[in-house]
Amino acid sequence: MRNLRNRRRAVSGRKKAGARAVWIALIAMMMLVSAACGKNTKKPAATETPAAEATATPEVTAEAAPEATPTGEAEPTPTSEVSPGVTPTGAAEATPTPEITKTVEKSGDIVILFTGDVHCGVDKGIGYAGLWEIRRHLQEQGDEVILVDDGDNIQGEPLGTMTRGEELINLMNKMGYSVAVPGNHEFDYGMEQFLALSKKAEFNYISCNFNYKGELVLQPYVICEIGGRKIGFVGVTTPETLTTSTPMYFQDGNKEYVYGFLQDDTGKGVYDAVQKATDAARAEGAEYVVVVGHLGNEAENKPYTYADVIANTDGFDVLLDGHSHDTDCVTMNNRSGSKVLRGACGTKLENVGWCRIASDGTITMGLYSWEGEISAPEAFNLDNEMTAAVAEAFKVLGDKFEEVVATSAVDLTIHDPVAVDENDKPIRMIRRAETNLGDLVADAYRVQSGADIGICNGGGIRETIKAGDITLREIMNVHPYGNYLCVIELTGQQILDALEWGAHSAPGENGGFLQVSGLTYEVHTYIDPTCTSDDYGMFTGITGERRVKNVLVGGEPIDPDRKYTVAGHNYLLLENGDGYTMFDGAPLLQDCVKLDNQVLIDYIRDSLSGVIGEEYTELTGQGRIVFVEEQQ
């Protein structure tokens, strides 16, 4: 690979131009292929309905994964310097993009390019350098182009963690975004930091439901005038943010929620907020209204899925969505029976979405996709302003992250070892079943702390590690959040409640699914879950038969009355992360001892002599978690 990179560096200017020509040809080809993803028009009678169209609320899938997991240090009380307030909504010009030097005849079309769940992957997939070329190509063919983001951009890799999101905002500014919605992970560095970053942003952060004591924090919508037409963009953020980021970031010093997302059991608060913002944008002269959402499509996202929102509102034309990392482009009816296009573009710039509003009012949608083993900017040796900007951003991390810190004789996975989805992509299992990487992480917490039990939420284990040398960057990609090792004392009953809560979505995904060390348990999935929760997604109790059975600690049946020491990270044990309220009030034995990534490194070095070996060979783990599907 090193020789291949060296050859690429030696490419002449002529070859670079040739590579860019090939890239542009691929862009055009991808657009033609993906045009069938969706179609809508201001005059429905003149348009044939696509075959993939849904005439009612589409079934919510449970295959894609909701983003869930926390990060950062607790900052419960905002300072007066970042006190929230509503910025007056008004018309906004699209953020300037690269000038096209030659005279171009305008096509009359507007193209909205959208990204989502980038999770710091600015150098992955199509990459920002590839996105720059896509926009330039569209502009050169006469289209008006605007760039928006569907949330979860600034967190997920060391570039975000080490700069608390700042370098990602810098890159979004350089890229020329016009509109973005905060996803759940925009808050992972604390509320003060998000509010500071939102001020640093040269684009509009919008959300019609993010509020502080009932008052909106951001603009609910913004109107951009593009090519002489006004497009209203309405933002909406999933209320799941309260539990899938760090709950205490939304609370005051008394652990009372002061920030919220209009959450309730019915979803009506969110639906009404979207409707109000849509109506206001129309009243202000918007010819088209586009909802930029971070909602998702999983069953556990209800009643806040994109389908729920579309089915209970009207007046907007398109919903650009993020959160569940899916790539579904669908057409469905709103509550008035009109067609609405919904699109999403996966994660880490594997895809870039496009929505074209033609001069005749027809709206089409699709994806640019890149499935190469190396990124498109590297494959095509792209050389533009974003190539340099991304490289400069990564200089912040320096050479330290390429240092080898351990070695593994086996692959360590977060995925099913065999199964793939309909796109031949591996299926994530860490949030629904045991894996060998889950075992390793839980072992590290237990052994490094000396606790009886180690636990880690599946949503906090982010990336697979391949056999071979392991760099600090790879470790930090597994643990990108900067959480700290803590130890608390729990009764056996509290542990049983935690296991029950962690397994309540099984066999579906749940970011709070517990990987464990020092104990084993069974999940009897033929028993319906009976855990209850409040409007904030916090555990409140268990009302029926438990599905978690035969729990053993150190090979002995768990004693509900006995006290055990439990190691994990601060998000899970101290901050109600993923809704784990049963830990409240537990005696704190070790507080924020060291960073989670250092815990993993030290365990491998100290306990495994620097080499992860055959004890972790089985990708599905050591049999600590067993699923029982039928009553015996």
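The values are calculated or read from the model by the stated rules, or taken from the named source; none is laboratory data. Keep in mind it's a predicted model, so treat the numbers as computed, not measured. With ideal geometry, Cβ positions are generated from the backbone for all residues, glycine too; neighbour counts draw on all protein chains shown. Note: areas computed on protein heavy atoms with side chains; ligands, DNA, RNA excluded. Shrake-Rupley method; radii C 1.70, N 1.55, O 1.52, S 1.80 Å.
Here the range 395-438 is the region considered, the condition is being surrounded by fewer than 18 Cβ atoms within 10 Å (Cβ to Cβ), without any contact (Cβ under 8 Å) to a residue 24 or more places away in the chain and not in a loop (DSSP other than H, G, I, E, B), and the residue that is nearest to the chain's Cα centre (by Cα) is Pro426.
Scanning the range 197-229 for residues that are touching a helix residue (DSSP H, G or I) at 6+ places or on another chain (Cβ under 6 Å), assigned to a helix (DSSP H, G or I) and open to solvent by 10 Å² or more (accessible area, probe 1.4 Å) returns a single hit, Lys200. Of the residues in the range 529-546, at least one is open to solvent by 50 Å² or more (accessible area, probe 1.4 Å), closer than 26 Å to Glu256 by Cα and aromatic (Phe, Trp, Tyr). Only residues that are open to solvent by 10 Å² or more (accessible area, probe 1.4 Å) and of a type in the set (Ser, Thr, Tyr) were counted across the range 102-142, and they come to 2.
So, Leu595, is that one within 23 Å of the chain's Cα centre (by Cα), farther than 23 Å from Asp534 by Cα and either buried (at least 20 other Cβ atoms within 10 Å of the Cβ) or in contact (Cβ under 8 Å) with a residue 12 or more places away in the chain (or both) or not? Judged against the criteria, Leu595 is a match. Among the residues of the range 155-184, those identified as within 21 Å of Leu320 (Cβ to Cβ) and modelled with pLDDT under 95 are Gln155, Gly156, Asn184.
Of all residues in the range 598-632, those satisfying the criterion of being closer than 21 Å to Trp501 by Cβ and surrounded by fewer than 19 Cβ atoms within 10 Å (Cβ to Cβ) are Arg624, Val626, Phe627, Val628, Glu629. Just one of (1) open to solvent by 30 Å² or more (accessible area, probe 1.4 Å); (2) in contact with an Asp or Glu (Cβ under 9 Å, 6 or more places away or on another chain); (3) among the hydrophobic types (A, V, I, L, M, F, W, C) fails for Val553. It is (1). Within the range 230-243, the set of residues being surrounded by 23 or more Cβ atoms within 10 Å (Cβ to Cβ) and not hydrophobic (A, V, I, L, M, F, W, C) comprises Gly232, Gly235, Thr237, Thr238, Pro239, Glu240, Thr241, Thr243. Taking the condition on the phi > 0 side of the Ramachandran plot, of a type in the set (Asp, Glu), within 18 Å of the chain's Cα centre (by Cα) and buried (at least 24 other Cβ atoms within 10 Å of the Cβ), does Asp188 pass? For Asp188, the condition - on the phi > 0 side of the Ramachandran plot, of a type in the set (Asp, Glu), within 18 Å of the chain's Cα centre (by Cα) and buried (at least 24 other Cβ atoms within 10 Å of the Cβ) - is not met. For Tyr526, the test of being open to solvent by less than 30 Å² (accessible area, probe 1.4 Å) and at pLDDT 95 or above is failed. Need pairs with beta-carbon distance below 7 Å; first residue under 30 Å from Thr244 (Cα atoms) and within the range 269-296, second charged (D, E, K, R) and open to solvent by 10 Å² or more (accessible area, probe 1.4 Å); sequence gap 6+ or separate chains. These pairs meet every condition: Val289/Arg282; Val289/Asp317; Val290/Asp317.
Out of curiosity, is Val145 in contact with a Ser or Thr (Cβ under 9 Å, 6 or more places away or on another chain), closer than 30 Å to Glu105 by Cβ and not aromatic (Phe, Trp, Tyr)? Answer is yes for this residue.
I'd like the full set of residues that are without any contact (Cβ under 8 Å) to a residue 40 or more places away in the chain and at positive phi, limited to the range 598-632. Answer for the range 598-632, where residues must be without any contact (Cβ under 8 Å) to a residue 40 or more places away in the chain and at positive phi: just Ser609. Checking Gly232, Gly285 one by one, the residue that is at pLDDT 95 or above, assigned to a strand (DSSP E or B), closer than 30 Å to Arg356 by Cβ and not aliphatic (A, V, I, L, M) is Gly232 and no other. The residue that is most open to solvent (accessible area, probe 1.4 Å), among those in the range 471-503 that are in contact with a Lys or Arg (Cβ under 8 Å, 6 or more places away or on another chain) and among the hydroxyl-bearing types (Ser, Thr, Tyr), is Tyr484.
The set of residues in the range 249-272 being in a helix (DSSP H, G or I) and either among the hydroxyl-bearing types (Ser, Thr, Tyr) or buried (at least 24 other Cβ atoms within 10 Å of the Cβ) (or both) consists of Tyr249, Val270, Tyr271.
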